[in-house]
Amino acid sequence: SCSGGGIRAAGFTLGCLGRLEAEPNPATVARHAADQPGPDRPDGLGILGRARYLASVSGGGYAAAAWRIAAGTGTLPTEPVIGNPLDPGREAELSAHAASATGSLDLLQHIRERRHFLANGPGGLLRSGVRAIGSTTFHFLLILLTVIALAWPLGRIIVSWAVTGVGRNPDTVSDGLPDYDFAVHQWLPPLALLVLAIAAMGVRLGAEKSRRRTIIDLAIKGAIGMAAALFLLLIGLPWAVDRFVGWLPNSGGDQVAIAGIYSAAITAAWQFAAARLKPIARYLGGVLLAIGLGLFGLYVMASAADTDNLLSSPWVWAGVTLFMIVAFVAFNPDRWSLHSIYRDGLVGTFATERDADGVHPMSGDLEQTLALARYAEAEGPIPIICCAAARDDVRETGIKVLSMTFDPRWITVHGWRGMGLTAEHDPQAIDHAEFQRRLPRGAFGIGLHTVIGAAAISGAAVAPSLGRMDMRSTNALLAAFNARLGVWVPNPTQGYTRSTTPRLVNMFKEIGQIFGEDDPNVYATDGGHWENLGLVELIRRRCATIICIDTSGDPPGTYQTFKDAIELARLECNATIEPGTDFWTGLEAADGARPAVNHGRATVVYEDGETAELLYVKAAVAESSPIHIRRYASSDRRFPNYSTGDQLLADDEFHYLTQLGYDSMDQALNANPIVAAYTFAGR
């Protein structure tokens, strides 16, 4: 399993996979293979070629997908695909090869040269930037036009007879502004409904539990709701519009004084609230969005009530409304999300083909060549690309997403049926033919049914649904500003047989955080929003030997992502991960020093008592790491824990990540020879 972590994870994982595809020490295998007989396996590509599954998440999926594509869909190559970054003669060989050939010597060189993958889509980084700015502008414009379409009629209603009555009484002045007078027809309807609700409450006090009391309860709720709505329409909105427009300083010292009073009050309130808001500040993005759109809506209503304003024209409103009606019917919000730009960059970097001259960018019909279903019968490991499916609640696991996997046969959402003692795992799947039939026609960029398409979903780190990293209302702010790398895909839990193209309403579902499990489409995002290692999906498949590559961004020495996977394995699969007696001793360092090693061995105990070997390898510099890697880590304090958001690693940063990965996996295999023995014995 290859964990998430952006291009940082891709570099370390490439090194690890490079070591796994190299043949292990023959003495290591011979030491244990005599007692572990098994079926014949392919001769090529070492442990990696003999694996049953290759699970990946996000950045680890870049490397895993690149290897799986380069290895092909037929017989595995006999020579390593990735290459050894620790080979002393490698740099000289690369220089000689570059002078005589146009292709890269191996996959590692190819990706190293193209590590800034966002610049590798059509038109390079400039076109990607222009597309991103244009898409975001269009996205936000749609939101503002929707506010105009909804708020304009309210502005006209406010100046109608039914609402008119609010006005400034010059005889009563407070804080520099006249007070307001409201007509009877404004305050009487909500007051009458409240009186009706109170009377109904009195009747309910004497009613026994019956259908009659249920009807009374509904009447009470309805009366209170209607009273609140009428209060907002007849009093709240007129007052807010008048107050919002009236207090703005136009001219004169009194207006300046009023503005100063407001500023002083706001400053005092902020100083009082800042300490209390700081712990939750990152969750308040949706509040800021609501305030901003609310103020814009008030401006639209005030403009609609004016007679000398562009927005006061009914024809302007009619044109905006007609456009938005067409948009709701015909527009697919995935077409202008940032996902397709991101996906194009991945294709330009990680989709390759190999020949005698080396590794080249893939050409031809990529849709057909990269179709995930083609790997169902391929020799070598089956790719399992781990994503997350958004949902509204946190049942069973406490996370607002479900595990969603793409493999060569199925697209599966791993849901649950029932609750409490009756809950049971309930995976729902569709095959690739049905998945493609239900995809939108004329999708932008390479298809979601391909290896790279699924890997792009698995790496959708920034999205309105963040699962384990949920930011509450700030998710809505991300959606409003088009920070949307997720994508709407056909929902495997629903039995539609036709295309289920997302509509503009899906965009507002993202903003409103409405992700129903019964919708025809499910919002799919980064697998790390559920479990960032891909480990649980291998445990779900009851593997007997598991190698877990952890490049997640945990603070050094915490291993929280691995601990989260241990908990999820128990909740999802009723399986226990039991680290060995010296597991944490070697991995955890005291007083900020480096750990002794960056790997450990654990045992997985399945529900029926069967066990599995688990080799865990962490992207960390240890005391056992080679001296040149430790020297580099001393000169670069961030290494190897570069931010996931840093997608522009320098050449030496990426190069040392691959070297650390290769050496870490080499040490882990040498210290745990039984893992290689089990692999070559077919366990």
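The values are calculated or read from the model by the stated rules, or taken from the named source; none is laboratory data. None of the values given here were measured: they were computed from a predicted structure. So basically every Cβ, Gly included, is an ideal-geometry build from the backbone, and we count neighbours across all protein chains shown. The accessibility values were calculated without ligands, DNA or RNA, using every heavy atom of the protein model including side chains. Shrake-Rupley method; radii C 1.70, N 1.55, O 1.52, S 1.80 Å.
Points to keep in mind about this one:
- Pairs where the first residue, in the stretch 636-648, is more than 10 Å from GLY5 (Cβ to Cβ) and the second is basic (Lys, Arg) and part of a loop (DSSP other than H, G, I, E, B), C-beta under 9 Å, 6+ apart: ASP646/ARG638; GLN647/ARG115; LEU648/ARG115
- Subset of the stretch 329-369 that is of a type in the set (A, V, I, L, M) and within 14 Å of THR450 (Cβ to Cβ) - its residue that is surrounded by the fewest Cβ atoms within 10 Å (Cβ to Cβ): LEU366
- Leading residue by the ranking (modelled with the highest pLDDT) among those in the stretch 412-458 that are touching a Leu at 6+ places or on another chain (Cβ under 9 Å), over 26 Å from ALA63 (Cα atoms) and open to solvent by less than 50 Å² (accessible area, probe 1.4 Å): GLY415
Each row is one residue, and each column tells you yes or no for (1) assigned to a loop (DSSP other than H, G, I, E, B); (2) at pLDDT 90 or above; (3) touching a Leu at 6+ places or on another chain (Cβ under 6 Å).
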{"position": "CYS16", "(1), (2), (3)": "no, yes, no"}
{"position": "PRO77", "(1), (2), (3)": "yes, no, no"}
{"position": "VAL81", "(1), (2), (3)": "yes, yes, yes"}
{"position": "LEU94", "(1), (2), (3)": "no, no, yes"}
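- The stretch 608-640, subset among the charged types (D, E, K, R) and in contact with a helix residue (DSSP H, G or I) (Cβ under 9 Å, 6 or more places away or on another chain), residue most open to solvent (accessible area, probe 1.4 Å): ARG638
- Every residue from the stretch 18-61 that is at pLDDT 90 or above, open to solvent by less than 60 Å² (accessible area, probe 1.4 Å) and of a type in the set (D, E, K, R): ARG19, GLU21
- Cβ pairs under 6 Å, 6+ apart, first in the stretch 1-20 and of a type in the set (D, E, K, R), second open to solvent by 10 Å² or more (accessible area, probe 1.4 Å): ARG19/TYR662; ARG19/ASP666
- Count of the stretch 301-331 residues which are under 34 Å from the mean Cα position of the chain (by Cα), part of a helix (DSSP H, G or I) and not small (Gly, Ala, Ser): 9
- Flag for TYR662 being open to solvent by 20 Å² or more (accessible area, probe 1.4 Å), in contact with a helix residue (DSSP H, G or I) (Cβ under 7 Å, 6 or more places away or on another chain) and without any contact (Cβ under 8 Å) to a residue 40 or more places away in the chain: no
- Qualifying residue in the stretch 489-497 (condition: free of Cβ contacts under 8 Å to residues at least 12 places away in the same chain, out of contact with any helix residue (DSSP H, G or I) (no Cβ under 7 Å at 6 or more places or on another chain) and of a type outside the set (Val, Ile, Thr)): yes
- Hey, ALA461 buried (at least 18 other Cβ atoms within 10 Å of the Cβ), in contact with a Ser or Thr (Cβ under 9 Å, 6 or more places away or on another chain) and hydrophobic (A, V, I, L, M, F, W, C) or not: yes
- Qualifying residues in the stretch 200-214 (those that are aliphatic (A, V, I, L, M) and surrounded by 13 or more Cβ atoms within 10 Å (Cβ to Cβ)) - the one farthest from LEU233 (Cα to Cα): ALA207
- Test result for ALA373, outside any loop (DSSP other than H, G, I, E, B) and out of contact with any Phe, Trp or Tyr (no Cβ under 8 Å at 6 or more places or on another chain): yes
- From the options SER458, SER465, residue that is farther than 20 Å from GLY286 by Cβ, within 15 Å of the chain's Cα centre (by Cα) and not charged (D, E, K, R): SER458
- The strands (runs of 3 or more DSSP E) falling completely within the stretch 511-589 that include 2 or more residues that are in contact (Cβ under 8 Å) with a residue 24 or more places away in the chain and surrounded by fewer than 21 Cβ atoms within 10 Å (Cβ to Cβ) map to 576-579.
So that you can scan it fast, the table gives a plain yes or no per residue for (1) over 14 Å from ILE382 (Cα atoms); (2) touching a residue at least 60 places away in the same chain (Cβ under 8 Å):
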{"residue": "ALA51", "(1), (2)": "no, yes"}
{"residue": "SER58", "(1), (2)": "yes, yes"}
{"residue": "SER95", "(1), (2)": "yes, no"}
{"residue": "GLY103", "(1), (2)": "yes, yes"}
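- Some residue of the stretch 182-194 being in contact (Cβ under 8 Å) with a residue 12 or more places away in the chain, surrounded by 16 or more Cβ atoms within 10 Å (Cβ to Cβ) and more than 25 Å from TRP239 (Cα to Cα): no
Yes/no per residue for (1) closer than 25 Å to ILE457 by Cβ; (2) touching a strand residue (DSSP E or B) at 6+ places or on another chain (Cβ under 9 Å); (3) charged (D, E, K, R):
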{"position": "SER313", "(1), (2), (3)": "no, no, no"}
{"position": "ALA318", "(1), (2), (3)": "no, no, no"}
{"position": "VAL329", "(1), (2), (3)": "no, no, no"}
{"position": "TYR342", "(1), (2), (3)": "yes, no, no"}
{"position": "GLU353", "(1), (2), (3)": "yes, yes, yes"}
